[in-house]
Structure formats: C-alpha cells, structure tokens
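Read the structure below first, then the notes.
The values are calculated or read from the model by the stated rules, or taken from the named source; none is laboratory data. Predicted model, so just to flag it, every value in this text is computed and none were measured. Cβ placement follows ideal geometry from the backbone for every residue including glycine, while neighbour counts extend to all protein chains displayed.
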Amino acid sequence: MKIRDLSVLLAVILIIIMLVIPLPGWLLSVLILCNISLALLVILVSMNTQEALQFSIFPSLLLLLTLFRLGLNVSTTRSILSKAEAGGVVDTFGSFVIGNNPLVGFVVFIILVIIQYIVITKGAERVSEVSARFTLDAMPGKQMSIDADLNAGLISEQEARERREKVENEADFHGAMDGASKFVKGDAIAGIIIVLINILFGLIIGMVQMDMTFQEAINTFMRLTVGDGLVSQIPALLIATATGIVVTRVTTEGNLGTDVTGQLLQFPKLLFIAAGTIFLLGLTPINFLLTTTIALILAISGYVLLQQAKDVPEIAEEEMDQEDSEGMKRSENVINLLNVDPIEFEFGYALIPLVDTSQGGDLLDRIVMIRRQLAIELGVVIPVVRIRDNIQLEPNEYCLKIKGNEVAKGELLLDHYMAMTPDLNDDNIDGIDTKEPAFGLPAKWISEDKKDEAELFGYTVVDPPSVVSTHLTEEMKRNAHVLLGRQETKELIDHLKEEYPILVEEVTPDPLSIGDIQKVLGKLLKENISIRNLPVIFETLADYGKMTNDTDLLAEYVRQALSIQITKQFVGDSNSLKVITLSNEIENIITSGVQQTEHGNYLALDPHNQEQIIKNVYQEVEKAMIQHENIVLLCSPTIRMYVKQLLDRSLSNITVLSYNELEPNVQVQSVGVVNVA
C-alpha cells in the first residue's frame, strides 16, 4: 500500500481513537495545530483553483475535517471537565482573548460564532443548493449542445466524450457539495452546544468536585472554554469560507487572486473618484492626514494602472501586426485552406429553424440517428456532418456536398407539409407542385389546414424535417462507397482486430493491402450490400486472397459468401423472388466479350451490342414494373459483375444478382427474359 493511502487510513483511525480514549494535553496541542494548518491549506487551495472540479475531493475532505474537528472537541471537553486543563494551545488562546475580563472574551467568542453560522455557513449552504439544482437542470441542455457541436464538426468524438464526462462530474460535484455543506452547518451548531456544556458543567464540577469558588470556576472554565472554542471555530471559519469560495467560483482562466485584482482594478479612472471622496472626508473632523494619505495612495495606483493600460494595447497591436505579417508568409495558412470536409450540409437562411434548437429544430438529433442507422444497416461509420448556412443559396434551398462535390439539392417550405400519392393522376388537393427529393416522386406542398383532408384522400403527408432527413439518409447510402476511404477502412480493421486478431493478420498486410480491402468493401457498398459482417468478409478474403488480388473477383467471392444476408435483403420473408433473366445468347455474347489482361479483366463489347442489350433490359424492366414492385436481374455468377458494369451508367438502379448469391430454398419466378433482338 502506498504511503499516501496509508496516511489517510491512519488519520481516520486516529479520529476514532480521539472519540474514545483520553489524550494528554501535549498531544491535544499538536492535533489542534495540525487542524489549523489543514484549514489554512484548504482555503489556500480553494483560492488558487480555476474551476470547482480542480478540487473535486473537497466534499469528502470536508466530511473528514469536520469529523476530525468534532473529535478534537470531544477530547478537549473531556480534558477540561476532568482535569481543568486542555493543553498549552487552548490555555494560551483563552488567556489572550479573555485577558482580565471573562465576560468580554465570551462576548467576542459568541460574535465569532454568529459570524460563522449566520453569515458564512448559511450563505454557503444556500449557494450549494442553488448550484446543485441549476447544474442538474442544465445537464440535458449541455448534453444537447455537445451533440450539436459534434454533428456540426466543431469538436471531435474524443472532445465530445471529455465534455460529457466533465458535465457529469460537475453534476456529481455540486450534488455532493449540497450535502457536504450540511456538515459545516451541523459543525457550527455542535460548537455552540459544546461551549454551553463546557461552561455549565465546568462551573458545577469546579465548585462541587474540585472545591473551587464561583470566581475561580468562572475564570478557569471560561478561559478554557473560550480557548477551546477559538481553536475549534477558527479552522471551522476557514473551512466554511473555503466552502463558500468553491461553490461561488465561476470557471475562469485565472485563480481567485488574479481574478479579484484583474476585475476590481479593470477601471483605473474609478480610483480617482474614490481618492477624491476620501480626500473630501478629510475636511470633516476625521483625521485629515490619514484621509489624505489614503487618497494619495489611491490616486497614485490609478495613475500607474492607466499608464500600464496604455502600454499594453500598443505592444499587443505591434505583436498582432508581426504575427499577421509572418502568418501571411507561412505556407501553412494556405495549406489549411485545402481541407475538404467529408460531408457538408448547407442551407439558406429561411431554413435556420431546422437546426436551431431554441426554435424547436431537431435536425441535429436526426442526423445523429441517421449516422447510427447507417452504421447498423451498412456497417460503415459515416463521418461527422458539418452543418452551415450559405447566403449564396436561395432562402428555402439546401444542398449536400460529399468531399466538396454537390451530390444533392432540395427545397423546403417550413410552414407547409409535403403530400405524396401513389396515383399520379390524383389531383384532389390544392397545393404547390414539387418533387419528393429522395426518390423524385411527384408531390405537393400543402398548408397545415389541409393536412387532415390530404390524409383522408390517401396521401402520405410528411413534415419538412422528415423530408430532408429521408433525403440525407438516401444520399448517404448512395455515396457510402465514396465516404469509405483507406483511413476509414483502417479504423474498421482495427475494430475487427480487437476480437479477431488472427483473422486480420492472415489477410493484411499480406496478401492484401488496406487499399485492396477498401476497394472490395467499396464495391459492396456501391451495390447497397452491408459490410457489417466483417468476419465473414475477411474469412473469404483469407481464403481467396492468396489465389488472386483482383478486387473485382474478390468482391464476387465475398458476395457469394454473404448469400444468406443478400437473400434476406432482396427476398424478404415471402421466400419468393420475381426476376428477369438473360437468354443464353446474351450470356454467351457477354462471356466472349470479356478480355483478360495482367491488370485484370474487363468487358469489351461491340457498341451496337451494348446499346441493344441495354435497350432490351430497359424494356423488360419497364414491362415487369407494371405488375411487380421490386424486380431483380438474375444471371450466372461468371458474368454478374460485367452485366452490372454494362448497366451501371444507364440503369444504375437495377439490382443484378447471380444464382450463387441466393439460398437454395428461394422460389425464383421469372417474369421476363432479355433476348438479343
């Protein structure tokens, strides 16, 4: 056990001993001086802290010091009543204060107790209660503010975690101080009662058991009682003052001394007014020499502070000019301008209520939920979204940028609702024609008074925050493969390595680099395949990575390994799938068009064949979509990726699957066949 830990344990044991075993006078004197020293140390520390949490042990320390002081009171009371003495320190304090008049000394002691109990202790207790209540009430707002800064990209995840921890610690500290302040109050009351007991029973014991006269008993026990009270109340007064300083302390960059002198003397001209007032007081019967001296000191202090205030701005301005001129020469300032945020959401000034929590905006909270949702659905951590207003946009306009490039744009009417209907010819509701931004469906902006009517006609009615949230979600899904770079891939690998270290070591850095893994994961995300099941993906890469480093081929192997996941995603609970298939002739054309090179395989078809295949696929999909909602193009595993590459530019929304990516128990129903002619 460390010496520091052992010393605290021994101190607590000593306090318990003091309550039970009588102590000699010399040991009482040592402990009393230790008590005063500890009280001085506590108040000095409280004055030099910049914020309350720097002295977070204070509530517990307050309890120990109060118990120590009460233990001393019990020991000194036992010694006073049994031996009519309590050590040299108590006797000296009592003799010094009382002098030759016990009554005057007792009155002085009572005044000291009243100051501590009524002024300092009561005030500190009240401030502790208010601080605890306000701190607890402000916790939700502070937590929301931290989340807002995190979503806006102003702070990192680590900084947000530190701020949340600080908010929790502040709440715990002020709650503990609210309870600890009751110790100080109880200690003051106990001190008053102990004094009365010492005087009353001291007189009785002195006259009855020690054969003292009334005058001798008064002189002896009054001196000892006042001395004991002083050596107890002086540390108690210091501790109570320290309590008040800690709970009234506002977080600043300086300690109490710096703040007091800096803020009290921040207006030097006011010292001249104070000097003039004191000088005028000297014209009254008050001592003229004394008032003039004080007024002169104030005036000189004001003059010195004024001169210092003039010098500081000039020096600061020169330093600022030098820093600006040097800063313009440094290349770092230019380099910082090259930074591009992964995701930016910009909006016109009319959409500020969307993100302003004071106006009821909850978009920041929605973005937090979107990032969590995509982490669960796709298995990728979406970067923090930087949110800012842009005066270059129209008032009701917003746009989403990914890596500096605009990928989506939309317009919102905050005082309207968006109404959508599956029937394109339905025109039962009057409103402003528009398009739903996420899927491009025809819609209308309707006023709030028409909301119920629209719902009765079968319209889907959503509010503006839901519209923009859906749009953001879909765009982040579509561009998840763009957001997944090597750095993000490295973070996913590190997270997987915590539970599967052997699996990760078998895949990277040999035979596959982080860049290779990133390309495989990106190809999966591009086709809306979740990469959350990283262990299965890495098992497949470990099996086939030594055979080939073609990322297109590796991605196909991974897709086949994720057949259960893909089947669940596209088939659902019905266990049946409507598909369009390719004729044998088209599959042969595509197979023969695959060119093999040392850098990988690629599809090289005649332009006429390409155009004809794309046209025929489009016609079959259009025909099938009339009767069925979700249509999948099914082909053989060897050509799946080439078919997807062929259709990607013109028909990117079509899902292309291979037979090996579906579970054997799925009921596949062909609703169309793509032929050459």
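Just one of R388, R371 is within 17 Å of L150 (Cα to Cα) and assigned to a strand (DSSP E or B); which is it? Let's see the steps before the verdict.
Working: R371 fails: assigned to a strand (DSSP E or B).
Only one candidate passes the filter, namely R388.
Each row is one residue, and each column tells you yes or no for (1) buried (at least 18 other Cβ atoms within 10 Å of the Cβ); (2) acidic (D, E); (3) under 39 Å from the mean Cα position of the chain (by Cα); (4) modelled with pLDDT of 90 or more.
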| residue | (1), (2), (3), (4) |
| --- | --- |
| E448 | no, yes, yes, no |
| K451 | no, no, yes, no |
| F457 | no, no, no, no |
| T460 | no, no, yes, no |
| S466 | no, no, yes, yes |
| H471 | yes, no, yes, yes |
| E475 | yes, yes, yes, yes |
| A480 | yes, no, yes, yes |
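Residue pairs whose Cβ atoms lie under 7 Å apart, separated by 6 or more positions or on different chains, with the first residue in region 126-139 and modelled with pLDDT under 70 and the second loosely packed, with under 13 Cβ neighbours inside 10 Å, do not occur.
When the residues of region 663-677 are narrowed to those that are aliphatic (A, V, I, L, M) and either under 26 Å from E611 (Cβ atoms) or out of contact with any Leu (no Cβ under 7 Å at 6 or more places or on another chain) (or both), which ends up surrounded by the most Cβ atoms within 10 Å (Cβ to Cβ)? Let's see the steps before the verdict.
The initial filter retains those residues of region 663-677 that are aliphatic (A, V, I, L, M), namely 666, 668, 671, 673-674, 676-677.
Imposing the further condition that a residue be either under 26 Å from E611 (Cβ atoms) or out of contact with any Leu (no Cβ under 7 Å at 6 or more places or on another chain) (or both) reduces the set to 671, 673-674, 676-677.
Details: V671: 17, V673: 14, V674: 23, V676: 13, A677: 6.
Looking at the filtered set, the residue picked out is V674.
Provide a single number: the residues in region 633-647 that are assigned to a loop (DSSP other than H, G, I, E, B) and either buried (at least 21 other Cβ atoms within 10 Å of the Cβ) or charged (D, E, K, R) (or both).
Start the filter on region 633-647 by keeping residues that are assigned to a loop (DSSP other than H, G, I, E, B), which leaves 636-639.
Subset that is either buried (at least 21 other Cβ atoms within 10 Å of the Cβ) or charged (D, E, K, R) (or both): 639.
Residues flagged as assigned to a loop (DSSP other than H, G, I, E, B) and either buried (at least 21 other Cβ atoms within 10 Å of the Cβ) or charged (D, E, K, R) (or both) within region 633-647 amount to 1.
Per-residue answers, yes or no, for (1) within 16 Å of S466 (Cβ to Cβ); (2) modelled with pLDDT of 85 or more; (3) not in a strand (DSSP E or B):
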| position | (1), (2), (3) |
| --- | --- |
| L393 | no, yes, yes |
| Y398 | yes, yes, no |
| V407 | no, yes, no |
| G410 | yes, yes, no |
| M418 | yes, yes, no |
| P422 | no, no, yes |
| N425 | no, no, yes |
| N428 | no, no, yes |
| D433 | no, yes, no |
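The one condition from (1) modelled with pLDDT under 65; (2) aliphatic (A, V, I, L, M); (3) closer than 24 Å to G404 by Cα that I352 does not meet is (1). Starting from region 498-514, keep only residues that are in contact (Cβ under 8 Å) with a residue 24 or more places away in the chain and assigned by TED's automatic domain parsing to the domain that holds V536, then list their pairs with residues that are of a type in the set (S, T, N, Q) and not in a helix (DSSP H, G or I) whose Cβ atoms are within a distance under 8 Å, requiring at least 6 positions of separation or different chains. Listed by first residue and then by second, the contacts come to P511/N549; L512/N549; I514/T508.
Being among the β-branched types (V, I, T) and either part of a helix (DSSP H, G or I) or on the phi > 0 side of the Ramachandran plot (or both) is the filter here; which residues of region 443-468 pass it? Listed by number, the residues that qualify are V467, V468.
Assess whether L577 counts as being buried (at least 20 other Cβ atoms within 10 Å of the Cβ), over 40 Å from the mean Cα position of the chain (by Cα) and farther than 19 Å from I376 by Cα. It would help to see each step written out before you state the result.
Values: buried (at least 20 other Cβ atoms within 10 Å of the Cβ): yes; over 40 Å from the mean Cα position of the chain (by Cα): yes; farther than 19 Å from I376 by Cα: yes.
Taking the combined requirement at face value, the residue satisfies it.
Out of all the residues in region 29-50, is one or more surrounded by fewer than 16 Cβ atoms within 10 Å (Cβ to Cβ), more than 30 Å from G202 (Cα to Cα) and free of Cβ contacts under 8 Å to residues at least 60 places away in the same chain? So far as region 29-50 goes, yes, one or more of its residues are surrounded by fewer than 16 Cβ atoms within 10 Å (Cβ to Cβ), more than 30 Å from G202 (Cα to Cα) and free of Cβ contacts under 8 Å to residues at least 60 places away in the same chain.
The residues of region 366-389 that are within 13 Å of P465 (Cβ to Cβ), of a type outside the set (K, R) and surrounded by 16 or more Cβ atoms within 10 Å (Cβ to Cβ), listed by number, are I367, I370. Pairs linking a residue in region 165-182 that is under 16 Å from D137 (Cα atoms) and of a type outside the set (D, E) to a residue that is at pLDDT 75 or above and not in a helix (DSSP H, G or I), with Cβ atoms under 9 Å and 6 or more positions apart or on different chains, are N169/S56; F173/S56; A176/S56.
Residues are listed down the side, and each one gets a yes or a no for (1) of a type in the set (D, E, K, R); (2) without any contact (Cβ under 8 Å) to a residue 60 or more places away in the chain; (3) surrounded by 12 or more Cβ atoms within 10 Å (Cβ to Cβ):
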site: R559; (1), (2), (3): yes, no, yes
site: L582; (1), (2), (3): no, no, yes
site: Q595; (1), (2), (3): no, yes, no
site: E620; (1), (2), (3): yes, yes, yes
site: N630; (1), (2), (3): no, no, yes
site: R649; (1), (2), (3): yes, yes, no
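One residue alone among T284, T261 is of a type in the set (S, T, Y), at pLDDT below 70 and over 30 Å from K182 (Cα atoms), and that residue is T261.
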